[in-house]
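Since every read-out is calculated from the coordinates, none of them should be taken as a lab result. Source: prediction; values computed, not measured. Ideal geometry is used to build each Cβ from the backbone, glycine not excepted, and the neighbour counts take in all protein chains shown.
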Amino acid sequence: MRIRAIYMRITRIMDQEGIAAWQAKVAIFIVGFILIIAFYAVFTGDGGDGDGDENGDDGDGGDGGDGGDGGDGGDGEDGEDGGDGGDGTVDEPPIIARAVTKKEEVEVYEEFQLDGSPTYVEPGLEVTYEWFLFGDFGETIHLGYGILFDHHFTEPGSYAVYLAVEEVGGSATDSAAVHVNVTEYTGEIREIKTEEGENGTITVVPSGGGGIGPGGIGTFNEATHHWEMPRDAVRLIVELTWESADYPMECEAGAGDDPDSGDKVDSEEGGSGSLVLDILAEDSVDDDEFEDGPWYTHITLALEPLTPDQIDYQISIVVFIPD
């Protein structure tokens with residue numbers, strides 16, 4: 001009715017003004033089209049999203065107009081929380097291995113310490129610490145045991161040293177790696193040939209009595225190697241290796257010819273193995289250089305033998321002489 005009244009009013013105005021009929025029809029059509037669009041915008045717009053609180057309760061319908069039912073706000077019943085997702089904590093594994101070293105770049109034969117103390121171990125868990133390398137063909141090269149372990153390399157290169165931490169009597173285990181870059185020594189490294197050679201055999205006699213052994217009279221259960229220490233040497237490395245022994249081995253090195261006055265190291269257990277004596281001149285004598293002249297390496301058993309044995313060994317000696 002409202003649109004018809006508007007139409008009649010416009011027609012009367014156009015008659016009074018003398019506007020042609022076809023012009024009037026066009027004008028009426030345009031006005032009517034505009035009114036239809038306006039009517040649609042005002043009376044059919046949705047009510048917008050309801051306010052709703054965080055649980056989606058009872059949206060009030062916004063601008064619904066003319067009794068609209070609240071549009072998309074809804075009653076929010078489906079907006080309930082998705083339940084408790086837990087406290088977000090994750091159980092920590094019983095072992096998290098971590099390996100570090102203070103020297104990530106060293107020279108060949110330079111000693112450095114591998115440190116596994118940052119490793120996390122569940123309280124009350126007993127574990128072992130083993131250090132090893134992987135060889136060129138993937139084989140495992142055992143280095144030693146201990147939460148702290150001293151080592152040196154004899155060849156330059158980049159090395160990844162691995163730490164395996166394992167539960168004693170259990171299945172918990174983890175591993176980590178530390179990388180060490182090894183460069184050439186800047187001075188001279190001289191290999192020493194002893195008077196007795198690089199190989200030897202220790203004849204084990206349970207009585208420990210004297211006799212004619214590999215090293216001469218009275219040398220059962222032991223062997224001694226001699227050499228002349230070069231002048232200006234500042235560091236000595238003696239490495240003893242053997243394939244099999246029923247007893248722990250002991251190795252000693254020092255100046256003169258007294259087997260009981262030098263630096264000493266022992267293997268603590270039998271079987272195959274190796275011992276390394278790494279001696280710095282400043283730690284063993286008052287001077288910054290070793291005393292030149294006769295030196296010795298004394299090899300013996302760390303325990304009194306109970307059964308006869310033959311122990312074949314190899315010995316290598318190198319000294320460091322700075323430029």
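Provide the gained length on full extension for the span GLU155 to GLU304, in nm with one decimal, where the gain is 0.36 nm per separating residue minus the Cα-Cα distance. Write down the numbers at each step before the final one.
Numbers: separation 149, 0.36 × 149 = 53.64 nm, distance 3.72 nm.
Fully extending the segment from GLU155 to GLU304 adds 49.9 nm.
Placing a label point 7 Å from the Cα of THR201 along the Cα-to-Cβ line, the residues of region 228-258 whose backbone N sits under 16 Å from it are 242-246. In this structure the amide hydrogen of VAL127, modeled in the peptide plane, comes within under 5 Å of the amide hydrogens of VAL168, none closer than 5 places in sequence on its chain.
With a Förster radius of 25 Å applied to the C-beta separation of GLU239 and HIS179, the computed FRET efficiency comes to 0.55.
Annotation for GLU268 and GLU126: the two label points, set 7 Å from Cα along the Cα-Cβ direction, are 1.5 nm apart.
What is the sum of charges, Lys and Arg at +1 and Asp and Glu at -1, for the other residues whose Cβ falls under 15 Å from the Cβ of PRO206?
Working: positive: none; negative: GLU222, ASP246, GLU304, ASP309.
Neighbourhood net charge equals -4.
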